[in-house]
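To start, the structure itself, in structure tokens.
The values are calculated or read from the model by the stated rules, or taken from the named source; none is laboratory data. This structure is a prediction, so every number in the text was calculated from the model and none was measured. Glycine gets a Cβ as well: all are built from the backbone with ideal geometry, and neighbour counts include every protein chain shown.
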Amino acid sequence: MSIVRIGVVGAGQMGNGIAQVAAAAGYSVTVSDVSQAALDRGLSTVNGSLGRLVKKGTIDEATATALVGRIRWGTTADIHGDGDLVIEAATENVALKYKIFEELSNVVQEGAILATNTSSISVTAIAAHSNRPERVMGMHFMNPVPLMQLVELIRGMATTDETYDAVKTAAEKMGKTTTLSRDIPGFIANRILMPYINEAAQALYEGIGTREDIDTTMKLGTNVPMGPLTLADFIGLDTCLAIMEVLHGGLGDSKYRPSPLLRKYVEAGWLGRKSGRGFYTYAAK
């Protein structure tokens, strides 16, 4: 199964990053989103990322221009009609992902592979909302996509070996290292990471330490690049909460119950860097 054209559904933080690394690997790329404004923001992010690489001397202007030229943008799923691999990179919302896969099933070519960038939701359940569950995979990129090396692969119940091999090859061509996880809520990465972040929020809620002391303790005490509350703000508190709810609902264990503080922050619209306030406050861009 040869992959030449890659589609990306969603031009947000994850989607535009996937589009960039796919185009950098030489693939012809299509990106769709619901509005032209979202596409414009996605293109601006890609241009900004490439501009920084040019400034550092990592790539030259001609390479950056050619890369952008390999990406087409559109507001309907029809743009992915001739795609060989189409990757859904929408918000971590079950109903939305089901809807996207139902729509893609009607517009992509018969032999195309559909992948989801879900970070916690059942790939098997998502695949059941397509007309080709045997050609559906989980393809969990890490944020920020251009910088993070890992892609976590997840096979659904019906995923064939041919599909897995083709997706793994595509990820490696994009310069990524892959791991394989069972189709269990949270997979490997977020099964471990999100309870860690959630426990940090609970520690803050209980007054065990200040946000700075919690982050500094974990950063300097365990040699991680940033503390858990800073990391949560970077990921997005709404995303963290959504994943914890999937873990709690899917595994039924009280240890995965979202911290009340995390829930309250999301209710307040304090979502982290993207909203200007989360566990910390950020200056407007």
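Odds and ends about this structure:
- Ala19 meets the conditions (1) more than 20 Å from the chain's Cα centre (by Cα); (2) buried (at least 17 other Cβ atoms within 10 Å of the Cβ); (3) among the hydrophobic types (A, V, I, L, M, F, W, C) in every case but one. The failed one is (1).
- Selection within region 252-285 - at pLDDT below 95 and either hydrophobic (A, V, I, L, M, F, W, C) or within 24 Å of Gly207 (Cβ to Cβ) (or both): Ala283, Ala284
- Matching residues, region 205-229, being part of a helix (DSSP H, G or I) and buried (at least 22 other Cβ atoms within 10 Å of the Cβ): Asp215, Pro228, Leu229
- Region 239-265, residues that are touching a Leu at 6+ places or on another chain (Cβ under 7 Å), free of Cβ contacts under 8 Å to residues at least 40 places away in the same chain and surrounded by fewer than 21 Cβ atoms within 10 Å (Cβ to Cβ): Arg263
- Number of residues in region 256-285 that are closer than 17 Å to Glu245 by Cα, over 20 Å from the mean Cα position of the chain (by Cα) and outside any helix (DSSP H, G or I) equals 3.
- Comparison of Leu229, Leu220 shows that the only residue that is more than 25 Å from Gln13 (Cβ to Cβ), among the hydrophobic types (A, V, I, L, M, F, W, C) and not assigned by TED's automatic domain parsing to the domain that holds Ala125 is Leu220.
- Odd one out for Thr216, checked against (1) farther than 30 Å from Asp161 by Cβ; (2) in contact with a Lys or Arg (Cβ under 7 Å, 6 or more places away or on another chain); (3) among the hydroxyl-bearing types (Ser, Thr, Tyr): (2)
- Of the residues making up region 220-238, those that are touching a residue at least 24 places away in the same chain (Cβ under 8 Å) and not charged (D, E, K, R) are Gly227, Pro228, Leu229, Thr230, Leu231, Ala232, Phe234, Ile235, Gly236, Leu237.
- In region 122-136, the residues that are in the same structural domain as Leu247 (by TED's automatic domain parsing) form no Cβ pair under 7 Å with any partner that is not small (Gly, Ala, Ser), whether six or more places apart or across chains.
- Among residues of region 137-163, those that are assigned to a loop (DSSP other than H, G, I, E, B) and free of Cβ contacts under 8 Å to residues at least 60 places away in the same chain, counted: 9
- Matching entry among Leu50, Leu67 (being among the aliphatic types (A, V, I, L, M), surrounded by 14 or more Cβ atoms within 10 Å (Cβ to Cβ), assigned to a helix (DSSP H, G or I) and free of Cβ contacts under 8 Å to residues at least 40 places away in the same chain): Leu50
- In region 81-104, the residues that are part of a helix (DSSP H, G or I) and under 19 Å from the mean Cα position of the chain (by Cα): Val94, Ala95, Leu96, Lys97, Tyr98, Lys99, Ile100, Phe101, Leu104
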